[in-house]
Amino acid sequence: MVTAYLIGVGVVCGITTLLCLLVILADATIGNYGKVRITINGEKIIEADGGHPLLSTLKEQQIFIPSACGGRGSCGLCKCRVTKGAGGILPTEMPWLSAEEQKDGVRLSCQLKVKGDFEIEIPPELFNIKEYRTVVESLRDLTHDIKEVRLRLIEPERISFKAGQFVQFEVPEYELTDQPVYRAYSVSSCPSDEQHVELEIRLVPNGICTTYVHKHLKVGDQVTINGAYGDFFLRDTNTEIIFIAGGSGMAPVKSILLDMAEKKNPRRARYFFGARCLRDLFLVDEMRELEKRLPNFQFIPALSQPQPEDEWNGESGLITNIVDRHVTSGENAEAYLCGSPGMIDACIAVLKQKGIPGERIFYDKFS
């Protein structure tokens with residue numbers, strides 16, 4: 001009986017080993033697509049090794065497509081139009097592509113593997129995106145789970161970005177990843193400081209990048225970033241501004257406010273910031289200082305679950321309720337929202353009820 005059992009186990013192990021060898025052999029032969037040619041915007045032609053996602057293939061050529069999730073297919077940002085060589089749309093792409101986009105050849109570059117010659121179209125401004133070597137100049141705990149990372153640029157020495165945009169932060173190999181990965185984070189510093197980039201990074205349990213930043217990153221470490229990306233920036237109008245953010249969504253709003261203060265922007269602005277309890281609230285003193293520098297600016301923090309020990313006398317409740325109470329009419333206003341998808345969707349519904357049309361509501365969702 002025991003002998004038969006051992007023989008059975010041995011047979012199963014042998015079959016499993018054989019299958020693994022076949023997979024390895026297939027990957028080395030069938031999966032070896034050789035050199036491929038990628039034509040970009042009908043002008044630029046690059047050659048690369050086939051068999052890898054389009055997103056990482058372009059990155060190797062120093063062409064950076066924005067991706068908030070670092071290529072996991074969970075943000076939907078890395079879209080490009082493929083005019084030749086794409087094949088059928090994958091199930092992992094379907095949730096992120098509208099019917100019109102699917103018809104027009106739009107694809108997620110992180111999900112699309114390069115198996116042959118490609119022809120694609122990307123926004124021309126992406127050719128100006130650069131990769132930067134930086135060094136960690138300082139680290140500061142803003143809350144129990146949000147850390148401010150201040151980077152000083154080494155090469156190139158300066159970066160140009162609009163207040164509200166984001167960069168991609170590369171994490172090297174360590175125990176949670178066997179290859180370098182990158183994640184998107186909004187810049188919290190003022191654009192006029194071209195030699196530094198500040199980020200506000202919230203710890204996510206088992207998050208590859210956030211765990212690295214909170215548990216391993218040290219002052220003096222070198223970090224690679226690329227950017228800047230995004231269309232979350234202040235529009236040049238005279239309307240009232242309504243900012244709404246929560247958690248590390250503070251970062252792009254802080255950058256915009258610093259830029260406004262430096263330029264002495266006279267527009268009326270209200271900033272609704274939601275936190276769970278007092279320990280989740282941060283940069284209050286900095287916001288109060290900005291109220292002094294911007295006479296038409298008001299900071300309105302709110303706690304959704306204040307604790308007895310907080311002794312909180314400010315606004316309490318969900319941020320949607322706070323916005324609903326304070327904003328009487330949005331006919332002459334535009335809104336900028338940054339935070340979790342649920343918070344943003346709920347706030348958009350309230351703002352539309354107040355008369356702010358969808359085209360004047362701008363947002364960054366932190367998933």
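The values are calculated or read from the model by the stated rules, or taken from the named source; none is laboratory data. For clarity, every value in this text was computed on a predicted model and none was experimentally measured. Cβ: placed from backbone, ideal geometry, glycine included. Neighbour counts: every protein chain shown.
A quick yes/no check of all residues on (1) polar (S, T, N, Q); (2) touching an Asp or Glu at 6+ places or on another chain (Cβ under 7 Å):
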| position | (1), (2) |
| --- | --- |
| A99 | no, no |
| S109 | yes, no |
| E119 | no, no |
| N128 | yes, no |
| D145 | no, no |
| R152 | no, yes |
| R158 | no, yes |
| F166 | no, no |
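For E121, state whether it is among the charged types (D, E, K, R) and without any contact (Cβ under 8 Å) to a residue 24 or more places away in the chain.
no
Within segment 136-144, is even one residue part of a loop (DSSP other than H, G, I, E, B), out of contact with any Gly (no Cβ under 8 Å at 6 or more places or on another chain), under 19 Å from D193 (Cβ atoms) and modelled with pLDDT of 95 or more?
yes
Hey, among L234, L203, L199, which residue is at pLDDT 95 or above, surrounded by 13 or more Cβ atoms within 10 Å (Cβ to Cβ) and closer than 21 Å to F64 by Cα?
L199
Just for segment 67-90: of the residues that are modelled with pLDDT of 80 or more and under 18 Å from G230 (Cβ atoms), which one is farthest from the chain's Cα centre (by Cα)?
C80
Among E175, E137, E121, which is more than 23 Å from P66 (Cβ to Cβ), over 21 Å from the mean Cα position of the chain (by Cα) and surrounded by 13 or more Cβ atoms within 10 Å (Cβ to Cβ)?
Answer to the check: E137.
Can you pull out the residues in segment 278-294 that are loosely packed, with under 15 Cβ neighbours inside 10 Å and either among the polar types (S, T, N, Q) or in contact (Cβ under 8 Å) with a residue 24 or more places away in the chain (or both)?
Selection gives R279, E286, R293.
Considering only residues that are free of Cβ contacts under 8 Å to residues at least 60 places away in the same chain and in a strand (DSSP E or B), look in segment 268-277 and name the one that is surrounded by the most Cβ atoms within 10 Å (Cβ to Cβ).
Here the answer is F273.
Results for (1) outside any helix (DSSP H, G or I); (2) touching a residue at least 60 places away in the same chain (Cβ under 8 Å); (3) hydrophobic (A, V, I, L, M, F, W, C), shown as yes or no for each residue.
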{"position": "T83", "(1), (2), (3)": "yes, no, no"}
{"position": "L90", "(1), (2), (3)": "yes, no, yes"}
{"position": "Q102", "(1), (2), (3)": "no, no, no"}
{"position": "C110", "(1), (2), (3)": "yes, no, yes"}
{"position": "G116", "(1), (2), (3)": "yes, yes, no"}
{"position": "F127", "(1), (2), (3)": "no, yes, yes"}
{"position": "E131", "(1), (2), (3)": "yes, yes, no"}
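Say whether the condition of being β-branched (V, I, T) and either closer than 26 Å to M260 by Cα or crowded, with 18+ Cβ neighbours inside 10 Å (or both) is met by at least one residue in segment 150-157.
There is no residue in segment 150-157 that is β-branched (V, I, T) and either closer than 26 Å to M260 by Cα or crowded, with 18+ Cβ neighbours inside 10 Å (or both).
Mind counting the residues in segment 96-115 that are more than 24 Å from D49 (Cβ to Cβ) and among the aliphatic types (A, V, I, L, M)?
Total meeting the criteria: 3.
Consider segment 337-367. How many of its residues are farther than 21 Å from A68 by Cα, of a type in the set (A, V, I, L, M) and either in the same structural domain as S188 (by TED's automatic domain parsing) or not in a helix (DSSP H, G or I) (or both)?
Selection size over segment 337-367: 1.
Scan segment 47-67 for residues that are among the hydrophobic types (A, V, I, L, M, F, W, C) and either farther than 17 Å from V106 by Cβ or in a helix (DSSP H, G or I) (or both) and jot them down.
A48, L54, L55, L58, I63, F64
Quick one: which of D141, D145 is free of Cβ contacts under 8 Å to residues at least 12 places away in the same chain and over 27 Å from T39 (Cα atoms)?
Result: D141 is the single residue among D141, D145 that is free of Cβ contacts under 8 Å to residues at least 12 places away in the same chain and over 27 Å from T39 (Cα atoms).
What are the residues in segment 316-336 that are outside any loop (DSSP other than H, G, I, E, B) and touching a residue at least 24 places away in the same chain (Cβ under 8 Å), if any?
Correct list: I319, T320, I322, V323, D324, H326, A333, E334, A335, Y336.
Would you confirm whether or not segment 80-96 contains a residue that is out of contact with any His (no Cβ under 9 Å at 6 or more places or on another chain), hydrophobic (A, V, I, L, M, F, W, C) and within 19 Å of V171 (Cα to Cα)?
no
Tell me yes or no: at least one residue of segment 244-252 is in the same structural domain as I159 (by TED's automatic domain parsing), within 14 Å of the chain's Cα centre (by Cα) and either crowded, with 22+ Cβ neighbours inside 10 Å or not in a loop (DSSP other than H, G, I, E, B) (or both).
Among the residues of segment 244-252, not one is in the same structural domain as I159 (by TED's automatic domain parsing), within 14 Å of the chain's Cα centre (by Cα) and either crowded, with 22+ Cβ neighbours inside 10 Å or not in a loop (DSSP other than H, G, I, E, B) (or both), which makes the answer no.
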